Every structure is written in C-alpha cells, then in structure tokens.
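Every number here is computed from the coordinates shown, using simple stated rules; none is lab data. These numbers come from a predicted model, not from an experiment. When we count neighbours, we look across all protein chains shown, and the Cβ atoms used for this are built from the backbone with ideal geometry, even at glycine.
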Amino acid sequence: MPASRVLCAIAALVLCAVAAGHGHPDRAVEATPGVFDYYLMSLSWSPSYCETHADEAEQCASKGYGFVLHGLWPQFRDGTWPEHCRWRAWPDDATVERTLAFMPSRTLIAHEWRAHGACSGLDPQAYFALADRAFARIAIPPPLATPATPPRFSAEEIVQAFAQSNPGLDERMISVACREGAELVEVHVCLNKHDLAPQPCGGGVHNSCRYGKLRIPASR
C-alpha cells in the first residue's frame with residue numbers, strides 16, 4: 001500500500017482516538033492557517049520515548065537515535081496554539097521518505113501534519129522542508145548527541161549546553177520537559193516564524209523538570 005494511503009489511515013485512527021478521549025488540550029484553539037506568532041520546535045529524546053514504545057520499530061529497533069524532531073508547532077504569544085486546522089493536501093510518498101530522516105515514524109508524521117503542520121499555512125512539502133531546516137539549524141551539544149552511557153545533566157545544565165552550542169540561543173528561548181519531573185523527555189526551542197532564528201518563548205513555555213540531575217537514558 002502506498003505510504004500516502006497508510007498515512008491517511010493512520011490519521012483517521014488518530015482522529016478517532018482524540019474524539020473518544022478528552023478532545024483538544026485546554027490551551028489549543030481553532031485558528032486560521034498561517035495566523036500565529038512563532039514556532040515552538042520540540043526535540044524528543046528518543047531513548048526515553050523508546051522505553052515506553054519499544055514496539056515502534058521505525059524509531060526504536062536499536063536505531064541509536066538521540067534527539068529526533070517531534071514537531072514544529074505554530075504558537076501564540078499568550079500561551080495558546082492553533083491546532084487541527086483545515087487542510088486540502090496530504091504528504092506524498094516522497095515527502096514522507098525525506099521526513100523519516102529526522103522524524104523517524106510514519107505515525108508521527110501523519111499526526112504532526114494533521115494537528116500542527118496544517119496550521120502553518122504551508123503545503124505538506126513546504127512544511128516538512130521547513131521542519132527539516134529548523135531541526136538542522138540547532139546544534140545538539142556533543143554529550144547529548146548519541147551517548148553510549150547515560151549523560152549526567154540537570155535541566156539547567158541542558159539549557160546551558162544548548163546555549164553554548166548555539167550562538168544567539170539563551171534561556172529565554174529554550175525549555176526542558178520531563179516525565180514525572182525526573183526523566184528527560186523533550187527540549188523545546190522557540191523560533192521566529194519568518195527566518196527560524198531563535199527568539200524568546202511566549203506564555204506557557206516553561207521547564208517541567210525537578211532540580212538536580214535528571215534521568216537521561218543512553219541511546220538504544
């Protein structure tokens with residue numbers, strides 16, 4: 001079955017799951033595609049994700065990933081964000097194959113286009129090309145690239161490491177997300193919607209990690 005049909009089927013399942021669950025997050029709002037203030041780029045720490053999703057072979061079958069791209073999300077300065085905007089096109093097979101290089105899951109690609117990408121105002125090819133450029137512009141600190149042993153960092157030290165590796169990036173533009181406050185899950189970087197330059201984050205973007213060293217699984 002072509003990848004485009006697979007993605008359409010996955011999207012239908014995702015939408016059904018949302019309808020059956022709690023619906024949209026409290027701070028997600030309906031909006032016009034292309035109308036938003038900035039992008040929040042979410043870098044997922046793949047080893048943490050794969051501890052609870054070992055069956056997702058595309059990403060977690062001993063691929064050795066460190067940070068991968070979770071998403072490039074349109075945001076408003078007040079801490080809300082547009083979500084599930086109307087769309088007319090769907091990612092074609094070539095776009096999906098290119099995107100797998102930095103977002104290594106067809107399920108994730110389908111979800112990210114439907115939930116966030118459609119709100120960018122771009123077509124799927126342009127949106128995922130933009131996501132590729134955004135991901136490539138942020139240098140991953142060497143100790144957090146693909147570590148063979150668990151790194152020892154606090155959330156503050158992760159922020160400092162990213163700032164040191166990326167001139168122009170500072171603590172106003174980056175946040176760290178943790179599971180239960182103790183395990184690294186994601187790093188969020190706020191980017192200008194026009195040129196992808198780092199910029200201060202808006203409301204609602206903050207660290208969710210405890211003080212002290214975090215649990216950071218090694219690459220798998």
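Structure values in brief
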item: Contour excess over end-to-end distance, with Cα ends at V29 and D93 and 0.36 nm allotted per residue; result: 20.1 nm
item: Relative contact order [Cα under 8 Å, 6+ residues apart], the chain, whole percent; result: 26
item: Given charges at beta-carbon only (K, R positive; D, E negative), |dipole| of region 3-192 in Debye; result: 360
item: Pairwise centroid distance, computed over Cα atoms, of region 151-220 with region 58-72, Å; result: 17
item: Region 46-105: C-alpha pair distances exceeding 19 Å, %; result: 49
item: DSSP bridge pairs, the chain: antiparallel proportion in percent, nearest 5; result: 90
item: Packing rank of 127-135, 149-157, 113-121, where each peptide gets the mean count of other beta carbons within 10 Å, highest leading; result: 113-121, 127-135, 149-157
item: Protection proxy ranking of 35-47, 59-71 - average other beta-carbon atoms within 10 Å, highest first; result: 35-47, 59-71
item: Label-point separation in nm, H194 to R77, each point 7 Å along Cα→Cβ; result: 1.4
item: Under the Karplus curve 6.51 cos²θ - 1.76 cosθ + 1.60, θ = phi - 60°, whole-Hz ³J(HN,Hα) for region 34-46, x wherever Gly or Pro sits; result: x, 9, 6, 9, 6, 9, 10, 8, 9, 9, 8, 7, 4
item: Protection-proxy order for peptides 99-109, 194-204, each taking the mean of Cβ atoms within 10 Å per residue, highest first; result: 99-109, 194-204
item: For I140, residues with placed amide H under 5 Å, excluding near neighbours; result: none
